[in-house]
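Asks: Structure provided below as structure tokens; questions to follow.
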Amino acid sequence: MHRLVSEGELPSLRVILARASLGALESIPPYATPPAWASIYTGVLPAEHGVLDFTDLNADGQLVNSSALRAVPLWRRLSDRGKHAAMIAFPLTYPPPAVNGVIVSGLPAPHHGAVWSHPPELDAGLKAIPHFTPDPEMTSPLANVQQSIERLKAHVRAIGQAALLAHERYGDDGWDLFGVQFQALDTFQHMFWAWIDPDDRRFATRPPSERRLALSFFRALDEVMRDLVEALRPDAIVILSDHGFGPAYEAVCLNPFLLDAGLLRLTIPETSLRASLAAQRIIKRLDLFNLRAHLRFSVRPGAVMTGLNQLRRDKLIDREASVAFAFSGGYCGLIEVKPGFESAVREALLSACHPAHQTPLIKAVHFIGELWDGPWAEAWRQYAIVQPEEGYLIDSHFRPHGAVSPVAAGLTGTHRPTGLLWTTLDALRGAKSILDIAPGILSALGVPHDDLRGNAAEPMTSAALSASEQAAIEERLRRLGYL
């Protein structure tokens, strides 16, 4: 996005950001949406706020929701101090908590049969907005590039309309904090990274007409940002990402690798699995109409996707007999390891190499008990976060191509540890980590925050970063694949 701003493709954002400082913002393992946003809200680590994945590890694997936050989130601290706040389409805000202001739920809220807002009276207005849902469904660009991009642009506009509706109905007295989250940007970068990153080795193979169409998504986002700033007229602006992004060329399928390393046991004979995978390869070649690409993906999978997940992973793993296995969730990789086998599993994973060119596949294996202190660290001691090398994402299915496979569903981008922060807020100009965001906002609003992990950054002037320092940051982010 920074490249597009500098090239003049996003005129409204260019005006907004002209007076903002740019910095790298470090996320935290496992570099996934739920734990990252939970850390932004609370200013504490996952072992303290209790969120590590899209499933709630502390509640029998149910999908995470607002009750999964076991630390006090930003909106509660503000409401308790009488501050007026709005949070529009942020993750982990369903069911919508009661606040002094407005909450519009984001993922993973149900798309049907649910009340998405506090106050609940706003819900009917949200449901009247065309294309509004708490988060967009992921649709593969392999099916129809234009249709997929137009669907994501429509979702961006719908979120903007929801924010303007909340402001119109409840903003007469002004806002202490007004936040809007565009989940479609994450979805877009997962699907269309190869269309927008000139350094991606697939970029030149994408038709120029499709690359121009991909840029239209950012122009839609730019127009919505313009409308929001014109309506809200904020005193300060903070634009941040919960993690970075980069190319995904191949998937490291952890469960097949653990099987090949002798660390995982199956519920069926291995010969039966091999035969099934061979049959899948034949079916894939016979899919002349590319029907698989028309499936829609969501953090709340429907019956078809749930059934596929069962067939390709869950029913195949003998969890009791396995030393380690990977379970569903994100692109970062979470595995469960039996006590006493930590060193063996770590050694096996870190020695994993690509079968074709023998380069490493795994960058790091973080066991939770070694990584963090906190109330949940002991409960999660058997879990490890597996971080792939750049260019790979983590997959947990058994796939026909084996332990290293083409990325599924047309995905071309994946999460990276380093995101971006643009801000005109003095208390955040020196922020380095997502843990600094809540303390900085609370400090600016005069709300106590001494119990948080992050530090409210010392106020800095916009001149604190020299041109060479700014260029160095940008070059670092470019090397990481974000710019």
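The values are calculated or read from the model by the stated rules, or taken from the named source; none is laboratory data. A quick note: this is a predicted structure, and the numbers were derived from the prediction, not measured. Don't worry about glycine lacking a Cβ; one is built from the backbone with ideal geometry, like all the others, and counts go over all protein chains shown.
Asks: Of the conditions (1) in contact (Cβ under 8 Å) with a residue 12 or more places away in the chain; (2) on the phi > 0 side of the Ramachandran plot, VAL252 satisfies every one except a single condition; which number is it?
Replies: VAL252 satisfies every listed condition except (2).
Asks: Can you find a residue in the stretch 358-367 that is crowded, with 17+ Cβ neighbours inside 10 Å, closer than 21 Å to ASP60 by Cβ, of a type in the set (A, V, I, L, M, F, W, C) and within 27 Å of the chain's Cα centre (by Cα)?
Replies: Checked against the condition, which is being crowded, with 17+ Cβ neighbours inside 10 Å, closer than 21 Å to ASP60 by Cβ, of a type in the set (A, V, I, L, M, F, W, C) and within 27 Å of the chain's Cα centre (by Cα), the stretch 358-367 yields no hits at all.
Asks: Can you name the residue in the stretch 115-126 that is in contact with a helix residue (DSSP H, G or I) (Cβ under 6 Å, 6 or more places away or on another chain) and either in a loop (DSSP other than H, G, I, E, B) or outside the structural domain of ASP176 (by TED's automatic domain parsing) (or both) and, of all such residues, is surrounded by the most Cβ atoms within 10 Å (Cβ to Cβ)?
Replies: Looking at the filtered set, the residue picked out is TRP116.
Asks: Among the residues of the stretch 1-21, which ones are without any contact (Cβ under 8 Å) to a residue 60 or more places away in the chain and loosely packed, with under 13 Cβ neighbours inside 10 Å? It would help to see each step written out before you state the result.
Replies: Our first condition is that a residue be without any contact (Cβ under 8 Å) to a residue 60 or more places away in the chain; within the stretch 1-21, this holds for 5-8, 14-15, 18.
Hits for the stretch 1-21 are GLU7, GLY8, ALA18.
Asks: I'm trying to understand the selection: among the residues of the stretch 324-376, which are β-branched (Val, Ile, Thr) and either in contact with a Lys or Arg (Cβ under 7 Å, 6 or more places away or on another chain) or within 28 Å of SER39 (Cβ to Cβ) (or both)? Outline the logic, then answer.
Replies: So in the stretch 324-376, the residues β-branched (Val, Ile, Thr) come out as 335, 337, 345, 359, 362, 365, 368.
Residues satisfying the conditions are ILE335, VAL337, VAL345, ILE362, VAL365, ILE368.
Asks: Suppose the filter is assigned to a loop (DSSP other than H, G, I, E, B), modelled with pLDDT under 95 and surrounded by fewer than 22 Cβ atoms within 10 Å (Cβ to Cβ); does ASP173 pass it?
Replies: yes
Asks: So which of ALA89, ALA128 is more than 24 Å from the chain's Cα centre (by Cα) and among the aliphatic types (A, V, I, L, M)?
Replies: On inspection, the qualifying residue turns out to be ALA128.
Asks: I'm told CYS253 meets every condition in (1) at pLDDT below 95; (2) surrounded by fewer than 17 Cβ atoms within 10 Å (Cβ to Cβ) except one. Can you identify the failing condition by its number?
Replies: If we test CYS253 against (1) at pLDDT below 95; (2) surrounded by fewer than 17 Cβ atoms within 10 Å (Cβ to Cβ), just (2) comes out false.
Asks: For the stretch 45-57: of the residues being touching a helix residue (DSSP H, G or I) at 6+ places or on another chain (Cβ under 7 Å) and in contact (Cβ under 8 Å) with a residue 24 or more places away in the chain, which is surrounded by the fewest Cβ atoms within 10 Å (Cβ to Cβ)?
Replies: Applying the filter and picking the extreme gives ALA47.
Asks: Now a separate question. Would it be correct to say that GLY101 is of a type in the set (Gly, Ala, Ser), crowded, with 16+ Cβ neighbours inside 10 Å, in the same structural domain as TYR170 (by TED's automatic domain parsing) and farther than 16 Å from ALA158 by Cα?
Replies: yes
Asks: Here's another thing I want to ask about it. Name the residue, out of GLY106, GLY82, that is surrounded by fewer than 16 Cβ atoms within 10 Å (Cβ to Cβ) and within 23 Å of LEU442 (Cβ to Cβ).
Replies: Among GLY106, GLY82, only GLY82 is surrounded by fewer than 16 Cβ atoms within 10 Å (Cβ to Cβ) and within 23 Å of LEU442 (Cβ to Cβ).
Asks: Has the stretch 58-71 got any residue that is of a type in the set (Lys, Arg) and either outside the structural domain of GLN161 (by TED's automatic domain parsing) or under 29 Å from ASP451 (Cα atoms) (or both)?
Replies: Yes, because at least one residue in the stretch 58-71 is of a type in the set (Lys, Arg) and either outside the structural domain of GLN161 (by TED's automatic domain parsing) or under 29 Å from ASP451 (Cα atoms) (or both).
Asks: State all residues of the stretch 1-33 that are more than 24 Å from ALA194 (Cβ to Cβ) and small (Gly, Ala, Ser); if no residue qualifies, say none.
Replies: Selection gives SER12, ALA18, ALA20, SER21, GLY23.
Asks: Within the stretch 328-346, is there a residue that is within 28 Å of GLN382 (Cα to Cα), of a type in the set (Ser, Thr, Tyr) and at pLDDT 90 or above?
Replies: yes
Asks: Then there's this: Given the structure, is LEU273 in the same structural domain as ALA384 (by TED's automatic domain parsing) and at pLDDT 95 or above?
Replies: No.
Asks: Over 30 Å from ALA427 (Cα atoms) and among the small types (Gly, Ala, Ser), is that true of ALA236?
Replies: When the stated conditions are applied, ALA236 does not pass them.
Asks: Restricting to the stretch 444-465, name every residue that is at pLDDT 95 or above and either aromatic (Phe, Trp, Tyr) or assigned to a helix (DSSP H, G or I) (or both).
Replies: Correct list: ALA444 only.
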